[in-house]
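Notes to accompany the following structure.
Read the figures in this text as sums done on the coordinates, not as results from a lab. What you see is a predicted model, and the numbers here were worked out from it, not measured in a lab. Using ideal geometry, Cβ is built from the backbone for each residue, glycine included, and neighbour counts are taken over all protein chains shown.
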Amino acid sequence: MNKSVLLLSILFLAGCATEVAKTPVATGGSRADASVEMSFDRGLFEAPVVDWTAAEQSALKRCRAWGYGNVSAFEGLRTQCQQYDPNFGCVLETITRTYQCTN
C-alpha cells in the first residue's frame, strides 16, 4: 500500500476517535514506598474520558488500609505501549498515574 494513502487513512480514522469512559484501576505500587499505581488501557481510536476522581478515591482507600491518612497524585502520566502494529504504531497502550500515600 502506498505510504501516503496509508498516512491519509490513519489521519482520517484518528478524526473518528470514539469517546470512551475509563476508570483507572490499581495495577501496582508498594506499601513500603507508600505508592499506588492506577492505570487504564487506551486503544488506537479511543478518546478516553478518564474518571480521575474515582481513581484517587480508590488509591486513598488502599493507602488508608496501609495506615496512611491521605493521598497525593504525582504530576504526569506514564504511557507504555502494549501492542505495536508496524503500520499504525502503538494500537494499545497502558496509561498510569502514581499516587503517594501521605499522613
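So which GluC sites (Glu not before Pro) in segment 18-103 are both in a DSSP loop and have at most 16 other Cβ atoms within 10 Å of their Cβ? Those satisfying the criteria are E75. Straightening the chain between N103 and T53 buys 16.1 nm, computed as 0.36 nm per residue apart minus the Cα-Cα spacing.
With an 8 Å Cα cut-off and a minimum separation of 6 or more residues, compute the relative contact order for segment 18-102 in percent. Computed value for segment 18-102: 34 percent relative contact order. Spin-label model, V91 to K61: label points 7 Å out along the Cα-to-beta-carbon direction sit 3.4 nm apart. Based on the Cβ-Cβ distance of A17 and N70, what FRET efficiency does E = 1/(1 + (r/R0)^6) give at R0 = 35 Å, to the nearest 0.05? Computed FRET efficiency for A17 and N70 comes out at 0.50.
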